[in-house]
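See below for the structure under consideration.
The values are calculated or read from the model by the stated rules, or taken from the named source; none is laboratory data. Treat the numbers as computed from the prediction; the structure is a model and nothing was measured. A quick note on method: Cβ atoms are made from the backbone with ideal geometry, for glycine too, and the neighbour counts reach across all protein chains shown. What goes into the accessible areas is simple: the full protein's heavy atoms, side chains included, and nothing from ligands, DNA or RNA. Shrake-Rupley method; radii C 1.70, N 1.55, O 1.52, S 1.80 Å.
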Amino acid sequence: MRIENLAINKNGFAFDPTTGETFTLNDTAKEIIEDLAKGIEEKEIAKKLSKEYDVTEEEALNDVLDFKEKLKLYGLLS
């Protein structure tokens, strides 16, 4: 997974040293990427997000899975 190599600053600016690409992340995207890079399962991430953002775990899980698909499109996840 290339997300493990991303350099992310506190403001959500991410740099991929493999390709030189940069990305701007909102707080939620930053949190999801950091958790995925740590190996945290999608359901655990969704549980945490549901409490933090007052949405159902199902909604949060759908958002996490959708975001993972976007990361795959950018080549950051396999």
Within segment 2-44, the count of residues that are touching a residue at least 24 places away in the same chain (Cβ under 8 Å) and under 25 Å from GLU58 (Cα atoms) comes to 9
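Suppose the filter is small (Gly, Ala, Ser) and touching a residue at least 12 places away in the same chain (Cβ under 8 Å); does GLY75 pass it? Outline the logic, then answer.
Working: small (Gly, Ala, Ser): yes; touching a residue at least 12 places away in the same chain (Cβ under 8 Å): yes.
It is true that GLY75 is small (Gly, Ala, Ser) and touching a residue at least 12 places away in the same chain (Cβ under 8 Å).
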Within segment 20-62, residues open to solvent by 90 Å² or more (accessible area, probe 1.4 Å) and hydroxyl-bearing (Ser, Thr, Tyr) come out as THR24, TYR53
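Does GLY12 fit the bill of being on the phi > 0 side of the Ramachandran plot and under 14 Å from the mean Cα position of the chain (by Cα)? If you could, list the steps in order and put the result at the bottom.
Numbers: on the phi > 0 side of the Ramachandran plot: yes; under 14 Å from the mean Cα position of the chain (by Cα): yes.
So GLY12 passes the test.
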